[in-house]
1. Answer with yes or no whether Thr105 is out of contact with any strand residue (DSSP E or B) (no Cβ under 6 Å at 6 or more places or on another chain), open to solvent by 60 Å² or more (accessible area, probe 1.4 Å) and either among the β-branched types (Val, Ile, Thr) or at pLDDT below 95 (or both).
2. Under 8 Å between Cβ atoms, which residue pairs at least 6 apart in sequence (or on different chains) link something in the stretch 379-401 that is closer than 29 Å to Tyr467 by Cβ and in contact (Cβ under 8 Å) with a residue 24 or more places away in the chain with a partner that is open to solvent by 40 Å² or more (accessible area, probe 1.4 Å) and of a type in the set (Asp, Glu)?
3. Working only within the stretch 75-102, note down all residues that are assigned to a helix (DSSP H, G or I), in contact with an Asp or Glu (Cβ under 9 Å, 6 or more places away or on another chain) and under 24 Å from Phe255 (Cα atoms).
4. Is it fair to say Leu111 is in contact with a Lys or Arg (Cβ under 8 Å, 6 or more places away or on another chain), open to solvent by 40 Å² or more (accessible area, probe 1.4 Å) and more than 16 Å from Cys49 (Cα to Cα)?
5. Do we find a residue being in a loop (DSSP other than H, G, I, E, B), modelled with pLDDT of 90 or more and within 20 Å of Leu230 (Cβ to Cβ) anywhere in the stretch 119-141?
6. Go through (1) without any contact (Cβ under 8 Å) to a residue 40 or more places away in the chain; (2) open to solvent by 80 Å² or more (accessible area, probe 1.4 Å); (3) closer than 19 Å to Arg237 by Cβ and name the single condition Lys185 misses.
7. Could you tell me whether Thr59 is over 15 Å from the mean Cα position of the chain (by Cα) and open to solvent by 20 Å² or more (accessible area, probe 1.4 Å)?
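The values are calculated or read from the model by the stated rules, or taken from the named source; none is laboratory data. Computed from a predicted model, the values in this text were never measured in an experiment. Here the Cβ positions follow ideal geometry from the backbone for every residue, glycine too, while neighbour counts run over all protein chains shown. In case anyone asks, the SASA skips ligands and DNA or RNA and just uses the protein heavy atoms, side chains included. Shrake-Rupley method; radii C 1.70, N 1.55, O 1.52, S 1.80 Å.
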Amino acid sequence: MNKEKVIVTSALPYANGPIHLGHLSGAYLPADIYVRYKRLNGDDILYICGSDEHGVPITITADKEKITPKDVIDRFHNINRESFEKFGMSFDIYSRTSLPEHHETAKEFFLKYYNQGLLKEKKSLQFFDESKKMFLPDRYVEGTCPKCGNESARSDECENCGALYEQTELINPVSKISGNRPILKETTHWYFPLNEFQERLEKYVGDMNEKFGWKETVLQYCKSWFKEGLTDRAYTRDLDWGVKVPLDGAEGKVFYVWFEAVLGYISATKELSAKIGNPDLWKNYWQDSSTKYIAFIGKDNIVFHTIIFPAMLMAWNDASEEKYILPQNVPANEFLNFEGKKFSKSRNWGIDAIDFLKEFPADPLRYTLAANLPENRDTDFYWKEFQARNNNELADILGNFINRTFTFVHKHFDGIVPNQNTLSERDSEMLKLVESYPSRIAEYFERYKIKDGVAEIMNLARAGNKYFNDSEPWKTIKSNRDECATTLNISLQTIFTLTELLSPVI
């Protein structure tokens, strides 16, 4: 198999709260297993992630707690970094978008678009709270969704139906700061013309799917956006917290976080390159057409990684000789629920990763989540399943096979690997099975079917147990020591293979 150069990114977790098990199952564990597998394969791979640290929810939290936005992001960046470390995530770097390197990268992209005349400067009406003397970003306004009638929709997006719309379309808007009805006031912003890229984006998505097989969920999200028709999207907003717009007369304006945060993958790679003393190394990945870029996300982030980010990279490439690669695949997962209901911070329903890992080791959790990943539909985390996966599979199937083999070898062969002697039909079949497994599991992982691959690995442990039982070494140690030695030799080979196959998982 040819060795590949690969960039893997996981969606930048938002530094406004702790990550929970649903996050781990969506964008992080599948990516980590894939990355660990690729490293075993000898591929040249970088795994990039970091905290998304701008945007309105952080300012709302800061306002409520009467602290600064930096206090908020520092708290949750450190909590989430610790959670990932305890969970065993193997990032090459875990960065943050509040760093100067990221701000400079985001400004560089904006100015590239601005100087090529791509961005549209428009005056528009935005919600303004007269009592607080401030423009109200989307999450500071709540009202009725114009699409589905949800009465607690944000001013630009409905979490109930997923619709995106202009602020002026919201019905019965209310300021979440003062409780008053906001007025509409004129302001100036710059817009990115997504509609100008629709034809190219449709071709890009179609080509990538034809070559690399995108998930049906991802394709349907893209098709629904294309069917509705892409429109100009505001690139800037009236807010103090964020990457400042680098233009005269743009005081009090920052980049919209959905345009700026995805650039954190690039800025984090720049930071990593500088840290290892090779400042231009990032170009060997992001600006090398032979690099494979895989973006692991949850389904709520599909549009940003299949439409907005690719359009941004296309726009850069149109005006530069140094061209960025686009995602080859975006294997988005569905949602993991908890005991039949969605994770909800407001309803205090769910399990934060940091709390879970204070009580239990990471490996049983990694295995349980991996065996039940929401790859094609929503799944649930149940405490009973966690218990069963740990006791019935990790302990009774895998652990039992390893323990009985090792115990037998230490008791009867002084802990030394016995020789493989004449092979029976059963021995030959077991060896063929073991030899077939690495390529079989690789095929699953290469197609991002992590759950199926993990199930197959445990099936090998089951086969090992059956082989051990059928070979009856407790009898052959008395009647035919060479036959017993062969059984244990093949069992140890099976365990060695299981160790390699499971090392990306646990």
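1. On the way: out of contact with any strand residue (DSSP E or B) (no Cβ under 6 Å at 6 or more places or on another chain): yes; open to solvent by 60 Å² or more (accessible area, probe 1.4 Å): no; either among the β-branched types (Val, Ile, Thr) or at pLDDT below 95 (or both): yes.
For Thr105, the condition - out of contact with any strand residue (DSSP E or B) (no Cβ under 6 Å at 6 or more places or on another chain), open to solvent by 60 Å² or more (accessible area, probe 1.4 Å) and either among the β-branched types (Val, Ile, Thr) or at pLDDT below 95 (or both) - is not met.
2. Listed pairs, sorted by first residue: Leu394/Asp363.
3. Phe76, His77, Glu101, His102
4. Working: in contact with a Lys or Arg (Cβ under 8 Å, 6 or more places away or on another chain): no; open to solvent by 40 Å² or more (accessible area, probe 1.4 Å): yes; more than 16 Å from Cys49 (Cα to Cα): yes.
No: the conditions fail for Leu111.
5. yes
6. The one condition Lys185 does not meet is (1).
7. Working: over 15 Å from the mean Cα position of the chain (by Cα): yes; open to solvent by 20 Å² or more (accessible area, probe 1.4 Å): no.
It is false that Thr59 is over 15 Å from the mean Cα position of the chain (by Cα) and open to solvent by 20 Å² or more (accessible area, probe 1.4 Å).
Table: residues versus (1) in contact with a His (Cβ under 7 Å, 6 or more places away or on another chain); (2) modelled with pLDDT of 95 or more; (3) not β-branched (Val, Ile, Thr).
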residue	(1), (2), (3)
Ile302	no, yes, no
Phe309	no, yes, yes
Ala315	no, yes, yes
Glu339	no, no, yes
Leu369	no, yes, yes
Gly399	no, yes, yes
Phe406	no, yes, yes
